[in-house]
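Novice: Before we start, here is the structure in question, set down as structure tokens.
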Amino acid sequence: MIVRLWHGRTKLSDGDAYEQFMKDRAAPDYGSVKGLQKIYFLRRNEGDIAHFLLVTHWDDMAAVIRFAGDDPDKAKYYPEDDRYLLEKEEHSQNYEVFFSQ
């Protein structure tokens, strides 16, 4: 299993709208990819910034590639992200799970 992590930041004032966008647009896209096991969209407010952490569980690296493209470490963005995100981090992190209980 592969766990993929992505982090993004918005202005706090855009946090609710971005949260809704992630549920309406991103979640269905992730869910359409064969090999997605689980998805967690997390949010933490800090001052005037809303942090978003996406944690996804995939069957294997082939599933991540089906989602992210040929470079599985490259972050995937939607055109709408330009409206909300303060910056676009270039990479996501992929971890191979070697133990789970």
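Values in this text are rule-based calculations from the coordinates and carry no lab data. Quick caveat, the model's predicted, so the values are computed rather than measured. Please note: Cβ atoms are built from the backbone with ideal geometry, for glycine as well, and neighbour counts cover all protein chains shown.
Novice: Can you tell me which condition Thr10 does not meet? The list is (1) hydroxyl-bearing (Ser, Thr, Tyr); (2) under 12 Å from the mean Cα position of the chain (by Cα); (3) part of a strand (DSSP E or B), and all the others hold.
Specialist: Looking at each condition in turn, Thr10 falls short on (2).
Novice: Which ones in the range 48-66 are within 30 Å of Ser13 (Cβ to Cβ) and within 14 Å of the chain's Cα centre (by Cα)?
Specialist: Within the range 48-66, His51, Phe52, Leu53, Leu54, Val55, Thr56 qualify.
Let's see how each residue does on (1) among the aliphatic types (A, V, I, L, M); (2) in contact (Cβ under 8 Å) with a residue 24 or more places away in the chain; (3) out of contact with any strand residue (DSSP E or B) (no Cβ under 8 Å at 6 or more places or on another chain):
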| site | (1), (2), (3) |
| --- | --- |
| Ile2 | yes, yes, no |
| Gln20 | no, no, yes |
| Arg25 | no, yes, yes |
| Tyr40 | no, no, no |
| Gly47 | no, yes, yes |
| Leu85 | yes, yes, no |
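Novice: What's the total number of residues in the range 61-100 that are touching a helix residue (DSSP H, G or I) at 6+ places or on another chain (Cβ under 6 Å) and over 23 Å from Glu19 (Cα atoms)?
Specialist: 1
Novice: Can you find, within the range 35-60, the residue that is surrounded by the most Cβ atoms within 10 Å (Cβ to Cβ) among those that are among the aromatic types (Phe, Trp, Tyr) and closer than 18 Å to Lys23 by Cβ?
Specialist: Ranking the qualifying residues of the range 35-60, first place goes to Phe52.
Novice: Could we say that Ile65 is of a type in the set (Val, Ile, Thr) and part of a strand (DSSP E or B) here?
Specialist: no
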